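Enquirer: Structure provided below as structure tokens; questions to follow.
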Amino acid sequence: LTQKAEGLERRVGEQASSLEVAKAAESRACQQVIDLAEMLERNEAGLRAVKAGSEASLKAARDQLAAAQAALQEATAQYDKDVSEAEQGIEALCGVLRELQGRCVDDIERVTRWSCDEIQEL
């Protein structure tokens with residue numbers, strides 16, 4: 001009986017030692033799971049921050065594009081107005097030049113008649 005008891009005691013000791021090793025391994029595995037879960041949470045938080053930053057940058061770029069398009073439309077409208085005013089100015093100038101040309105032709109005809117009349121008198 002003593003031998004059996006000693007054998008059982010040894011086995012119980014070995015099993016207790018194996019159980020302690022298993023508990024330590026389980027504890028390490030649990031700690032690894034906890035560490036990985038914390039790392040995952042940090043990564044998710046980082047990804048959310050990157051996403052928010054990207055969305056903010058995209059919104060800013062869209063806002064800048066809209067402002068640039070509005071400025072382009074305004075510049076185009078001003079250009080069209082300036083061209084129209086220039087065309088009107090050119091038309092007015094052409095009218096004045098035609099009037100001056102007509103006056104010059106009249107003056108040349110008058111001077112020519114006057115000169116011819118003078119020459120005939122001589």
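None of the figures in this text is laboratory data; all of them are computed from the coordinates on show. Remember, it's a predicted structure, so these values are computed and weren't measured experimentally. Neighbour counts run over all protein chains shown; Cβ positions are idealised from the backbone, glycine included.
Enquirer: Which percent of Cα pairs goes in each bin when the distances of segment 15-70 are cut into 5 angstrom slices starting at zero?
Expert: 5, 16, 10, 11, 8, 9, 7, 6, 7, 5, 5, 3, 3, 2, 1, 1, 0
Enquirer: So, how do all the Cα-to-Cα distances of the chain break down into 10 Å bins, in percent, from 0 on up?
Expert: It works out to 10, 11, 10, 9, 9, 8, 7, 7, 6, 5, 5, 4, 3, 3, 2, 1, 1, 0, in whole percents.
Enquirer: Could you work out how much longer the chain between Val33 and Asp63 gets when fully extended? Use 0.36 nm per residue separation minus the Cα distance between them, nm to one decimal.
Expert: 6.4 nm
Enquirer: May I pose another question? Tally Lys/Arg at +1 and Asp/Glu at -1 over every other residue whose Cβ is under 14 Å from the Cβ of Ser54; what's the total?
Expert: +3
Enquirer: A further question follows. Rounded to whole Å and sorted largest first, list the principal axis extents of the Cα atoms in segment 51-104.
Expert: Taking max minus min along each principal axis of the Cα atoms, segment 51-104 gives 77, 9, 5 Å.
Enquirer: Can you list the lysines whose alpha carbon is less than 16 Å from that of Lys51, not counting same-chain residues fewer than 8 positions off?
Expert: Correct list for Lys51: Lys59.
Enquirer: Still on this structure, please answer the following. Can you find, among Cys94, Leu65, Leu47, the residue sitting farthest towards the positive end of the charge dipole of the chain, where Lys and Arg contribute +1 and Asp and Glu -1 at Cβ?
Expert: Checked the options; the winner is Leu47.
Enquirer: With a point put 7 Å past each Cα toward its Cβ, work out how far Asp117 is from Lys4 in nm, to one decimal.
Expert: The modelled label-to-label distance comes out at 16.5 nm.
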